[in-house]
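Right, one structure below, let's go through it.
The values are calculated or read from the model by the stated rules, or taken from the named source; none is laboratory data. Computed from a predicted structure; not experimentally measured. Because the Cβ atoms are built from the backbone with ideal geometry, glycine has one as well, and the counts that use them run over all protein chains shown. Quick note on the areas: whole protein, heavy atoms, side chains included, nothing else; ligands and nucleic acids left out. Shrake-Rupley method; radii C 1.70, N 1.55, O 1.52, S 1.80 Å.
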Amino acid sequence: MKNRAGFTLVEILLVIFLIAMLSTVAISNYMSSTKTFDFLSQYKQVMSVIRTARSYALTSKQVANPEDDKLDILPERYGVYISADQVFLFADVGKTTMLHDAGDVLFGEKNLDFKDSVYLIGAKNSKDLGLPVVLFYKVGTGELEIMEKNNLVEKSAHKCISFDFKRTDNTLKKYIVVFQVSGLAEEYNELKGCAKSG
């Protein structure tokens, strides 16, 4: 009789078990990396809105006049409105300066809405800074002025202002720090120094 080589039932079950385990690990890693990638993408968009406002102010970008679309105008300031679930960029050309009102020019592509998402934004300062916060960058100089709940924040009150951007399940969190003197927005994984103390 010839010897027949083959696999036993135990060997086949062992291979199936190993494939199932590896598949589970691979799917878990894929889901985790997808969640992280989406989080970082949304975080970078928030950073982009703030940096764009400063850039538009420094380059004196003109916008379409809301009353006459054939005539471009130069706004006095560019603003970034930040609440717990919304971030948007606008040109301050409305009836009231240093306040977002109906006459201001919105930039639709720079409007982020997190109302029905898993992301939240918070203000992280020791001096009880609350949302909503509006960052105003003066055209020409890029000088930063901060409005908190429609009240001007004194420059001496905060060397910088920091926001946390996180998932509602607290699995991922990063910080955005905006410095008062320069108006620059920087990315941080954790808060320290000025960012922590405000």
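Keeping every protein chain present and rolling a 1.4 Å probe, give me the accessible area per residue for the chain in Å².
Heavy-atom SASA per residue in the chain reads 60 Å².
Note down the accessible area of THR171, probe 1.4 Å, to the nearest 10 Å².
Surface open to solvent at THR171 totals about 80 Å².
Starting from the Kirkwood Rh over alpha-carbon pairs, what translational D in µm² s⁻¹ does the range 4-83 have by Stokes-Einstein at 25 °C and 0.890 mPa s?
This corresponds to a translational diffusion coefficient of 135 µm²/s.
Would you kindly derive the ³J(HN,Hα) couplings of the range 113-118 from the backbone phi angles with the Karplus curve 6.51 cos²θ - 1.76 cosθ + 1.60 (θ = phi - 60°), listing them in order in whole Hz, with x for Gly and Pro?
10, 10, 4, 10, 10, 9
Please go through the range 1-87 and write out the chymotrypsin sites (Phe, Trp or Tyr not before Pro) that DSSP classes as loop and that have at most 12 other C-beta atoms within 10 Å.
Here the sparse-neighbourhood loop sites are PHE7.
Please report, in whole Å, how far the alpha carbons of the range 64-112 spread along each principal axis, starting with the longest.
35, 22, 15
Under the Karplus relation 6.51 cos²θ - 1.76 cosθ + 1.60, θ = phi - 60°, what is the ordered set of whole-Hz ³J(HN,Hα) values for the range 169-186, x standing for Gly and Pro?
8, 6, 7, 9, 8, 9, 10, 10, 10, 10, 8, 4, 5, 9, x, 5, 9, 10
P(r) of the range 40-99 in 10 Å steps, Cα pairs, percent per bin?
Going out from 0 Å in 10 Å bins, the range 40-99 shows 21, 47, 26, 5 percent.
Given a cut-off of 12 Å, what percent of all Cα-Cα pairs of the range 1-46 lie beyond it?
Every Cα pair in the range 1-46 considered, those over 12 Å come to 73 percent.
Could you state how much accessible area LYS110 has, in square angstrom rounded to the nearest 10, with a 1.4 Å probe and all protein chains kept in place?
Its heavy atoms expose roughly 40 Å² to the probe.
Relative to the longest principal axis of the chain, what angle (0 to 90°, nearest 10) does the C-alpha long axis of helix 9-58 take?
The angle comes out at about 10 degrees.
Restricting things to alpha carbons, tell me how big the chain is in terms of Rg and Dmax, in Å.
Radius of gyration, then largest Cα-Cα span, for the chain: 24.8, 100 Å.
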